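The values are calculated or read from the model by the stated rules, or taken from the named source; none is laboratory data. Note that the coordinates shown come from a computational prediction; the quantities given were computed from them, not determined experimentally. Note that each Cβ is placed from the backbone with ideal geometry, even for glycine, and that neighbours are counted across all protein chains shown. When the accessible area is computed, the model is the full protein with side chains, heavy atoms only, and any ligands, DNA or RNA have been set aside. Shrake-Rupley method; radii C 1.70, N 1.55, O 1.52, S 1.80 Å.
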Amino acid sequence: VRKNSNFVEEFRATKQAIGGHTDINQVFDQVELELNKGDTIYLHSDGYADQFGGPRGKKFMVGNFRKILLSISSLPINEQKNILHNTLVEWQGSQEQVDDVLVMGLKI
């Protein structure tokens with residue numbers, strides 16, 4: 001998320017399961033980014049968006065995840081962490097966690 005941006009730029013990784021059997025010849029995509037002061041980078045698994053919950057037991061969804069990242073990107077990292085955690089816990093409610101949930105943020 002660029003400083004003062006109203007959208008989330010997405011750079012997709014090479015699709016490969018963590019702990020999967022990676023072919024010795026697997027080629028991974030490389031992306032170079034130019035970052036500016038105030039930009040925030042998020043590395044994440046699909047677990048946050050795939051978590052079931054809410055009033056109808058549905059997935060959180062990628063669009064909602066992006067909206068949260070956009071709305072919190074200007075905040076201090078610790079505050080972002082708390083908002084992401086509390087939002088997920090509230091969404092999940094009594095539903096079991098269905099996948100790994102990883103979100104790492106880096107404010108430039």
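Among the helices (runs of 4 or more DSSP H) confined to segment 31-108, the ones with at least 1 residues that are modelled with pLDDT of 95 or more and polar (S, T, N, Q) are located at 62-72, 77-92. Of all the numbered requirements in (1) small (Gly, Ala, Ser); (2) buried (at least 16 other Cβ atoms within 10 Å of the Cβ); (3) free of Cβ contacts under 8 Å to residues at least 60 places away in the same chain, GLY105 misses one, and that requirement is (3).
Residue count for segment 46-64 under the criterion of being in contact with a strand residue (DSSP E or B) (Cβ under 8 Å, 6 or more places away or on another chain) and open to solvent by less than 60 Å² (accessible area, probe 1.4 Å): the result is 5. Step by step: first the residues of segment 23-59, then only those that are under 12 Å from the mean Cα position of the chain (by Cα) and of a type in the set (Phe, Trp, Tyr), then the one that is nearest to ASN86 (Cα to Cα). Which residue is that? If we take residues in segment 23-59 being under 12 Å from the mean Cα position of the chain (by Cα) and of a type in the set (Phe, Trp, Tyr), then TYR48 is nearest to ASN86 (Cα to Cα). Filtering segment 16-30 to residues that are within 23 Å of VAL62 (Cβ to Cβ) and modelled with pLDDT of 80 or more leaves PHE28, ASP29.
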